[in-house]
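The values are calculated or read from the model by the stated rules, or taken from the named source; none is laboratory data. If you're wondering where the values come from, they're calculated on a predicted model, not measured in any experiment. Positions of Cβ are generated from backbone atoms using ideal geometry, with glycine treated the same way; all protein chains shown enter the neighbour counts. We work out accessible area using only protein heavy atoms, side chains counted, and drop any ligands, DNA or RNA first. Shrake-Rupley method; radii C 1.70, N 1.55, O 1.52, S 1.80 Å.
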Amino acid sequence: MLFGGIFVLLGGLSSFVYGQSTNQTGTGTATGTSTSTSTTSATAATAATFTNPVLNQVGADPWVIRYEGYYYMTFTTSSNIQLLRSKFLTNWNNVDRKTIFQPSPGMNYSTDLWAPELHHLNGKWYVIFTADPNSDSPPPEVDMYCDYTCPAVHHRMYVIEGSGDDPWSASFSMKAQLNTYDQFAIDGTYFQHDTGLYHIYSCWYRQYDGWPANLCITKMSNPWTVSSNFSERVILSVPSNPWEKTPYGRAVNIRLSSNEGPQQLTNPHTGQQFVIYSAARSDNRNYCLGQLELVGEDPMNVQDWRKNNEGCVFYQNPMGETYGVGHASFTKSPDGKEDWIVYHGMQDPTNGWGARTIRTQRFTWNKDGAPKFPRPGYGPYEVPSGQ
């Protein structure tokens, strides 16, 4: 999202045994006020096709998870965390919506709340998100230490926890700040593996770098506690390819070179584990998706990962007026037979972040087990099977 879920297609529940948290918690309020309408339901239920975008408002960094017959969506609002609920993946207009977390003023997470993700882990609901204390406006005596202008220098990762089995009726409250060693951290997600739970997020090498934005991984003892120390933090990917830079192939310096928005994706047929991430800058037409595959047994060993350096695996479609496609999440059709990508994109890339809207399309799998994403567009497309 910079200046920006894991949904494992084999299942969303974790069986890990978690320890105790030592992280600092803070305050914020959960509100049960919601809007609820059903005017979309009859139309969506009878429609054979749909068009993008699926939500008629500006929206970015969409996260969608399906649970007990409903799709749940979160996306970046910047000021709070909202949860949307719909029976249908392809139409999010006039659906149930409510604010599940409103941060109190004056906290380190009071402004610029980005990329919230709703996860069901160990029988509880958690939302992981990134936020900042002062609207991405560090004081001059902080900014002066950065190699480049660094508005997001104080962005960190946070977790709120929901009480109750149902995410819609759950009451959410601040649980903890995730330990990212007092360094820039955005777009964090959970990576679930047989060896445990991990945090993958967008990071800098050092506290005041500014650029590049890399992908880091750390081990967790529970959904709100990082167990790795700083020396154990592993950088999985750096934006070294031309398509990971802005503008394309930037040769002068590393400014605007970015890996962010990582999402876990599991091939339901082969069990292969991927991290699909966003590359380049999110307000630019070249924003796209890259791919890492875990080919070994240890997520904390960088040699056990294989990066697709050949190019973006999901990218702009100028002939279809679709640009800046990225920050995706993944879900299933209602009958569980199809795989779907939910992402944001732009029709007019000259308007930057304010031009982003939320879209969805079906994807399939290549013979080598890697995801086979479609060309992004507006449709019309067939609705998900079972809808």
| Net charge near Asp368, counting Lys/Arg +1 and Asp/Glu -1 over other residues with Cβ under 14 Å of its Cβ? | +1
| In sequence order, calculated HN-Hα J values of segment 109-121 (Karplus, 6.51, -1.76, 1.60; Hz; x Gly/Pro) | 10, 7, 10, 6, 7, 10, 6, x, 10, 9, 10, 9, 10
| said: Highest mean first, how do 165-171, 106-112 rank when packing is the count of other Cβ atoms within 10 Å averaged over residues? | reply: 106-112, 165-171
| said: Let me check something: with ligands and nucleic acids excluded, how do Lys332, Lys372 order by accessible area (1.4 Å probe), largest to smallest? | reply: Lys372, Lys332
| query | Under the classification rounded if a/c is under 1.5, otherwise prolate if a/b is larger than b/c and oblate if not, where does the chain fall, given a ≥ b ≥ c as square roots of the Cα gyration tensor eigenvalues? | reply | rounded
| field | Sequence of His269, His327 when ordered by accessible area, the most exposed leading, probe 1.4 angstrom | value | His269, His327
| remark: Under 5 Å from the placed amide H of Leu178, counting only residues 5+ away or on other chains, we find Met157, Tyr158, Val159
| For segment 170-225, which whole-number percentage of the solvent-accessible area (1.4 Å probe, protein heavy atoms only) is attributable to carbon and sulfur atoms? | 42
| task | Using the heavy atoms of the protein chains and a 1.4 angstrom probe, tell me the accessible area per residue for segment 304-387 in square angstrom. | result | 44
| Reachable lysines from Lys175, Cα under 17 Å, same-chain residues fewer than 8 places away excluded? | Lys124
